1. Among the residues of segment 146-168, what is the count of those that are outside any loop (DSSP other than H, G, I, E, B) and either surrounded by fewer than 16 Cβ atoms within 10 Å (Cβ to Cβ) or not assigned by TED's automatic domain parsing to the domain that holds Ala190 (or both)?
2. Scan segment 46-72 and report the pairs whose first residue is assigned by TED's automatic domain parsing to the domain that holds Gly86 and aliphatic (A, V, I, L, M) and whose second residue is modelled with pLDDT under 95 and assigned to a loop (DSSP other than H, G, I, E, B), with Cβ atoms within less than 6 Å and a gap of 6+ or a chain change.
3. Among the residues of segment 291-317, what is the count of those that are of a type in the set (Val, Ile, Thr) and within 17 Å of the chain's Cα centre (by Cα)?
4. In this structure, does Ile280 turn out to be in contact (Cβ under 8 Å) with a residue 24 or more places away in the chain, of a type outside the set (Ser, Thr, Tyr) and farther than 29 Å from Pro43 by Cα?
5. Just one of (1) assigned by TED's automatic domain parsing to the domain that holds His113; (2) surrounded by fewer than 20 Cβ atoms within 10 Å (Cβ to Cβ); (3) under 24 Å from Val90 (Cα atoms) trips up Phe315, so point out which.
6. Any residue in segment 238-252 that's in the same structural domain as Leu223 (by TED's automatic domain parsing) and among the hydroxyl-bearing types (Ser, Thr, Tyr): show its pairings with residues that are surrounded by fewer than 18 Cβ atoms within 10 Å (Cβ to Cβ) and assigned to a loop (DSSP other than H, G, I, E, B) at Cβ separation under 7 Å, as long as the two are six or more apart or on different chains.
7. Go through (1) in contact with a helix residue (DSSP H, G or I) (Cβ under 9 Å, 6 or more places away or on another chain); (2) in a helix (DSSP H, G or I); (3) at pLDDT below 95 one by one and return the number of the condition Gly31 breaks.
8. With the checklist (1) surrounded by fewer than 24 Cβ atoms within 10 Å (Cβ to Cβ); (2) among the acidic types (Asp, Glu); (3) under 26 Å from Pro226 (Cα atoms) in hand, flag the one item Asp126 doesn't pass.
Amino acid sequence: MVLLALNFYDHPSLKGESKMFKKCVVVALLGLSASLGLAQEWPTAKPIRLIAVFPPGGSVDQVSRILAEALRLQLNQTVVVENIGGASGVVGTQAVARAAPDGYTFGVVFDTHGVNPGLKPSMPFDTLKDLEHIHLIGTAPMLLGASKGSPVTSFAQLVEASKAKQKTSYGTIGAGSLGHLALASLAKTAGFDWTHVPYRGGGPLMTDAAGGHVPLVVGSLFLVKPQVDAGNVKPLVVSTSKRSRQMPDVPTIAESGFPGFDAPAWWGVIGPAKLPPAVISRFNDALAKALRTPEVAQKLNAQGIDILAAGPEVFKPFVDKQISTWAKFIKDNNITE
């Protein structure tokens with residue numbers, strides 16, 4: 001490729017072209033050469049860094065660690081999970097956006113990824129321009145539960161108490177999370193006096209929920225179900241239009257007096273902008289194969305995640321729609337952090 005670029009510069013057919021034009025083409029050819037070289041050697045140069053954009057203990061952390069081992073087997077390269085939490089995923093996502101586009105830094109994001117642009121006008125990156133959206137892992141119901149010490153035992157009881165103007169509070173993984181917006185939407189529609197209590201991630205949220213420090217909690221089934229199984233949280237309803245296969249006895253919000261309500265959680269894999277297309281393609285293929293392995297599928301399905309394993313052609317427009325949908329909701333309802 002280097003010889004081609006040099007020969008191109010002195011080719012007789014280009015005598016009439018300006019030096020600037022020829023230099024631009026040569027730079028492009030050399031850049032293509034570097035990109036192809038990177039794609040051919042990737043991922044042998046060094047371990048891959050997989051940034052979980054929330055603290056340890058939450059669903060993003062757990063999904064990242066499940067993927068890391070499966071990707072190690074697919075790519076024959078070490079994959080190291082690094083937790084960079086803060087600002088509902090913004091801090092960790094910024095680290096991905098600023099990373100070199102060499103195929104050795106990726107990130108696992110949650111549904112807050114599609115909410116943050118509308119909620120945080122001064123984000124330090126452009127979600128659509130500064131990132132590659134590589135793979136949509138899957139979706140899952142969110143579960144609204146009550147701490148074991150709460151007098152609330154059913155969603156119907158909670159609705160009746162709320163209609164009687166009794167105040168309550170609910171914890172989420174952070175301001176602007178899908179759990180926050182979903183319950184804010186529900187409370188506004190029904191006229192409930194519910195106070196939002198934001199946490200810095202799923203781990204801190206569930207620690208307080210298990211300890212009875214917050215009366216209600218909403219999070220992905222992946223996050224909340226283990227505390228339900230341990231007897232620390234009482235399940236009330238799920239946020240999707242259909243009941244969960246993992247918790248079929250738990251009703252949906254839609255069937256409990258709020259028809260049409262549907263707000264699933266989701267997870268995806270991103271990378272910095274300008275990644276070589278060949279690296280994106282190979283990493284996307286590795287993710288799809290990893291998610292289809294029986295061990296990974298069993299672990300994710302057991303926690304309520306419906307695996308989609310969809311590539312950039314699905315994930316990019318999905319994120320674009322999430323951003324526009326929630327930005328409008330946030331603006332129309334004057335929601336702030």
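The values are calculated or read from the model by the stated rules, or taken from the named source; none is laboratory data. Everything numeric in this text was worked out from a predicted model, so none of it was measured. Note that each Cβ is placed from the backbone with ideal geometry, even for glycine, and that neighbours are counted across all protein chains shown.
1. Step one: list which residues in segment 146-168 are outside any loop (DSSP other than H, G, I, E, B), which gives 146-147, 155-163, 168.
Pick out the ones that are also either surrounded by fewer than 16 Cβ atoms within 10 Å (Cβ to Cβ) or not assigned by TED's automatic domain parsing to the domain that holds Ala190 (or both) and you get 156-157, 160-161, 163.
Going through segment 146-168 one residue at a time, the tally reaches 5.
2. Val60/Phe54
3. 3
4. no
5. Of (1) assigned by TED's automatic domain parsing to the domain that holds His113; (2) surrounded by fewer than 20 Cβ atoms within 10 Å (Cβ to Cβ); (3) under 24 Å from Val90 (Cα atoms), only one is false for Phe315: (2).
6. Once the first residue is in the same structural domain as Leu223 (by TED's automatic domain parsing) and among the hydroxyl-bearing types (Ser, Thr, Tyr) and sits in segment 238-252, its partners that are surrounded by fewer than 18 Cβ atoms within 10 Å (Cβ to Cβ) and assigned to a loop (DSSP other than H, G, I, E, B) give Thr240/Asp262; Ser241/Asp262; Thr252/Ser241; Thr252/Lys242; Thr252/Arg243.
7. Checking Gly31 against (1) in contact with a helix residue (DSSP H, G or I) (Cβ under 9 Å, 6 or more places away or on another chain); (2) in a helix (DSSP H, G or I); (3) at pLDDT below 95, the one that fails is (1).
8. Every condition holds for Asp126 apart from (3).
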